[in-house]
Every structure is written in structure tokens, then in C-alpha cells.
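So the structure is just underneath, and the comments pick up after that.
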């Protein structure tokens, strides 16, 4: 049994404490609890910067900066000499079947989404029917296209990626996943550990 001269009685129910006895404040005192941390991801604030450092399945290493806006990402090369949009999506009827402009970077990932390259469309050279590309990890490549179809193929170790030259404005239509279709599909950056980064992951 509680002694009559006890100065503190505690009843912990529904996070409420009642104090009683000589010199105590009368009335209930509401305990305040720390709000639980929400695990829901916070909306991204645009634009924002993201440093991309990763290795591909076959050992190619990338290190570059992205500045992400609500409508897409801009890539800056490691030497900060070139910058341009990073293209994840294939062309579609809505885009007029063209998706890559001179100066744009684009993601090449095989149809199984296991390996990735990031290239830049540098320049079109009509006198020799060539398109010059730059590999972001290092190296410049000349790829020939044939006439009258104005089509060519980018060959990398894990796949072949067809393209068509739109001669009047020098834009390219590139099959970014090597499945032979231009259907507006989005292709991811795939890292060595199998992690896949889609454009929607940057924009959501």
C-alpha cells in the first residue's frame, strides 16, 4: 500500500502523468513524444547535382557529373570540356523517330540490361559517310553509315546498336538497347553489381 506522505504518484496510461502530494502541481501533465521519422523519400528539389562513379560489368569505369532538371539530365565530362543532355530513351513516333542531337550523350545498354556504355555524338562527316562518337570513359570512334538508307551500326563488346542519320538536320535515331526496334523504350545505366538506374529514378 502506498504511504500517505508519498510525494509522487505516477500512473502511466495513454502517455499521461498525474502528480499529487504536497507542493505538486495539480492536474494532468501531457507527455510529449518524439515524432517518428518518416521513411518516405522526400521529393527531389530541381535542379540538383549528382556525381556518378561506377564500374560496368566488363570493367569500364565512369566518373562524371550530372545536373538533373525536371525534364532531364545534363552530363558534364570528367575534364569539363563538353556538356550535353544524357539520352535514356529511344525515338518514337511522338519524337519524329529522332532522339540524339550533335553534342548529346546517350546510354547504350544491351537488351538484357546487363552492361552499359555511355557515348557522345560528336560530329557528322558527310564527305566520308561517317559519324564520329566519343566514349565517355575514353576514346573516339568513327562509324560509317551506308547510303541511300543512311544507316549504320555501333558495335561494342556486348551488342550492336543500329542508327539512322537524318541528313537535313544531322540528328540521329539510335536503337539504345539493340533489339532492332525504335519504340520509345527507356534504357538504364547498369552497374557492375547489377544496379540499374533509369531516367525516371533521377526525375522522381
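The values are calculated or read from the model by the stated rules, or taken from the named source; none is laboratory data. Since the model is a prediction, treat every value here as computed from it, not as a measurement. So basically every Cβ, Gly included, is an ideal-geometry build from the backbone, and we count neighbours across all protein chains shown.
Looking only at region 67-76, which residues are touching a strand residue (DSSP E or B) at 6+ places or on another chain (Cβ under 8 Å) and either surrounded by fewer than 18 Cβ atoms within 10 Å (Cβ to Cβ) or not assigned by TED's automatic domain parsing to the domain that holds residue 113 (or both)?
67, 72, 74, 76
Closer than 30 Å to residue 54 by Cβ, part of a strand (DSSP E or B) and in the same structural domain as residue 87 (by TED's automatic domain parsing): is that true of residue 143 in this structure?
Here the answer is yes, as residue 143 does meet what is asked.
Could you list, in sequence order, the residues of region 161-196 that are over 23 Å from the mean Cα position of the chain (by Cα) and part of a loop (DSSP other than H, G, I, E, B)?
167, 168, 169, 170, 180 - these are the residues of region 161-196 that are over 23 Å from the mean Cα position of the chain (by Cα) and part of a loop (DSSP other than H, G, I, E, B).
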